[in-house]
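The values are calculated or read from the model by the stated rules, or taken from the named source; none is laboratory data. As the structure is a computational prediction, the values presented were derived from the model and not from experiment. Cβ sites come from the backbone with ideal geometry, for glycine too, and all protein chains shown count toward neighbours.
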Amino acid sequence: MPAQGPAAGEREALDAFKRALHDEYRRKLETRKERFEEEFSALVAARRVAVEASVRQIREKQLADFEIELSQAKQAASRELRERVFATMGDLVDELEERIRQKLTSIRGNRKEHALLLNALALEALDVLASPAAVLLVGIGEASLLKKDPRIARVEETIDLPMGGVIALDRENGVRLVDNSLLTRLERLKPVIVETLSGKLSSLVNHVQEPLPELRVP
């Protein structure tokens, strides 16, 4: 077998060097690849955590916004319902007041019924007086309807009782003692009407357990 010359030995050394260099870079590439994969996994995990946190914040904000909008919607609905209740209340009170006025006008148009009502109001006023005698004010043309009573000092007619009724005055100084006019009694009746109706309608308004305080007339 012929001996290898210098050229063959150099080629063999060069090939060995190339193989060693290739192996070294292959190991470095594998190591770098593993490092990149680890860094990529860590980066993906970090991004995932960041995205999940961002999504969670968005959801929490959306939920908070939803709760705010829902609360506002409930408040708006409650206000609208209250406004409707108040409007209905006002209409009912006005309707009842008008019916009462019509009934009183009808009674005053019937002399017999009017006399009974007027005397009942006069008797009620006299019964609560501490004074032994008083002056009674009645509407125009109504003095003749009153029955005699020793507690009545005199009867005067006035235009200041458009709805009728009786006002008792002190006979000495004219101080008003009892206002039993029908207008005043109607005004006293209105809070009762409102209180009764508010109790009926309060169940229509959310979270209302008692008659609506806004509907109470002082």
message = Given the criterion within 30 Å of LEU189 (Cα to Cα), hydroxyl-bearing (Ser, Thr, Tyr) and out of contact with any Ser or Thr (no Cβ under 9 Å at 6 or more places or on another chain), identify the matching residue among SER78, SER71.
response = SER78
message = Any residue at all in segment 73-95 that's more than 30 Å from LEU145 (Cα to Cα), in a helix (DSSP H, G or I), among the aromatic types (Phe, Trp, Tyr) and without any contact (Cβ under 8 Å) to a residue 12 or more places away in the chain?
response = no
note = Selection over segment 163-181 where residues are in contact with a helix residue (DSSP H, G or I) (Cβ under 7 Å, 6 or more places away or on another chain) and surrounded by fewer than 18 Cβ atoms within 10 Å (Cβ to Cβ) yields a count of 1
ask   = When the residues of segment 148-166 are filtered to those that are under 19 Å from ARG101 (Cβ atoms) and assigned to a strand (DSSP E or B), which remaining residue is modelled with the highest pLDDT?
value = VAL166
note = Checked pairs for segment 150-165, first under 8 Å from GLY139 (Cβ atoms), second small (Gly, Ala, Ser), C-beta under 6 Å and 6 or more apart or across chains, list as GLU157/ALA143; LEU161/GLY139; LEU161/SER181; GLY164/GLY139; GLY165/SER181
ask   = Identify, please: which residue in segment 81-127 is loosely packed, with under 11 Cβ neighbours inside 10 Å and of a type in the set (Gly, Ala, Ser) and is, among those, nearest to the chain's Cα centre (by Cα)?
value = ALA87
